[in-house]
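What follows is a set of notes on a single structure, which appears directly below.
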Amino acid sequence: MTTIMDRANALLIEFEQNANSLEKVTPDTVEELRIHWLGKKGIVTKLFEDMRHVPNEEKRDAGKSMNVLKTSIEASLDVLKSKAADFVFHSILNRAPLDITLPSQKDTLKGALHPITLMQQKLLKEFRQHGFTVYDGPETDFDFYNFTALNLPADHPARDMQDTFHLKTNQDIMVLRTQTSNIQIHAMLQEKPPLRIVAPGRVYRVDSDQTHTPIFHQIEGLVVDKKISFADLKGMIQSMLHSVYGATAKTRFRPSYFPFVEPGAEVDMQCTHCQGKGCKICKNTGWLEIGGCGMVHPNVFEAVSYDSEEYTGFAFGFGLDRMAMLNWQLPDLRQLFEGDAGFQSQFSVFAEGAPC
């Protein structure tokens, strides 16, 4: 009659035969061998389960034989694992050398400047040709620069139109700027007229739909000198828009109210999607508002200690996002903020100068 001890001795011989018959000693083949012998359903595990049928007087000797079997298999597996590690190491050494000059991917998307950046570069080039100086300023600013100095005192109802993001501070009230007009105030407090500046930058308002986003980009201009008229303002804006959209671009000026200018006007451009026929983008009007403008209000000059009797000036502001949307006929302004690499790669051809 075959005992547990006999079976343990026979299994040890069988294991050694299995181990010696491995074609390749790799991590995978060694793991398969371990599972086959020592796994939850392995041969040795099943043999241990048969111990409950062994008579009590034989269990001590049978247990010793089982432990010898298990210990011997574990020791052999450790040797095999070491050989498998050597196999992996030598396999890596024997690989064909990697040519690091080859491209990592076959179909990589080409880098590109963002459409808003392209539009800003094009406009700044045009303004520099007209003698404007480019100014920059803080995106987080005090209430004075963003509102009060622009003829928008604390109780002015026009503040509600901008749904401002306010910041908690122990000092004066601070806001995320709602327009880059704050840069104009900084510039006028530092410079004496005549002045001709343009200020591009990111601004913030609580708004989001096909043609509005809570974060967007503006470019604002300011000219201060003696005998500046609305005719100068209109000529400057039309020259700028024709340089961007071509000489056939149609524009119109609509009287409008802005606290910091008097008189003020909205600037509309004919929708480039429908050519004025009416569509969803222009809300079937044929026109899209791209900015506002007007003659600088005397109260603004007084806030920065400019003599409003001696000097006049005009100011204008345009949405870079809306202008880019019209320039490339985008159906939704939010595409500019989604970070879609596929969408972005379409503009790589415009990286050298951004043609319209």
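Worth a mention:
- Between residue 334 and residue 121, the contour length at 0.36 nm per residue exceeds the Cα-Cα span by 74.6 nm.
- Labels on offer are (1) 20.8, 84; (2) 38.7, 123; (3) 23.1, 81, and the one holding Rg and Dmax of the Cα atoms in Å computed from this structure is (2).
- Estimated FRET transfer efficiency (residue 23, residue 71; beta-carbon r; R0 22 Å; 0.05): 0.25
- Extension gain (nm, one decimal) between residue 82 and residue 51, 0.36 nm per residue minus Cα-Cα: 7.9 nm
- Unit charges on C-beta of K, R, D, E only; dipole of region 205-356, Debye: 660
- Residues 65, 72 arranged by fewest to most Cβ contacts within 10 Å: 72, 65
- The charge dipole of region 1-92, taken about its Cα centre with unit charges on the Cβ of Lys, Arg, Asp and Glu (plus for the first two, minus for the last two), comes to roughly 240 debye.
- Placing pseudo-labels 7 Å out from each Cα toward the beta carbon at residue 3 and residue 252 gives an inter-label distance of 11.0 nm.
- Given charges at Cβ of Lys, Arg, Asp, Glu: region 243-303 dipole, positive-most of 270, 293, 256: 270
- Straight-distance candidates among the aspartates and glutamates for linking to residue 234, with alpha-carbon spacing under 17 Å and chain neighbours fewer than 8 residues away dropped: 126, 220, 225, 262, 266, 268, 289.
- When only the Cβ of Lys, Arg, Asp and Glu is charged (+1, +1, -1, -1), the dipole of the chain relative to its Cα centre reaches about 760 debye.
- Packing, as the average of other Cβ atoms within 10 Å across residues, places the peptides 74-84, 252-262, 292-302, 335-345 in the order 292-302, 252-262, 74-84, 335-345, highest first.
- Dipole axis of region 4-93 (+1 Lys, Arg; -1 Asp, Glu on Cβ), positive-most option in 20, 47, 92: 47
FYI, it's all coordinate maths here, none of it is from the lab. Owing to the predicted nature of the structure, the values given are computational and were not obtained by experimental measurement. Every residue, glycine among them, receives a Cβ derived from its backbone with ideal geometry; neighbour counts consider all protein chains shown.
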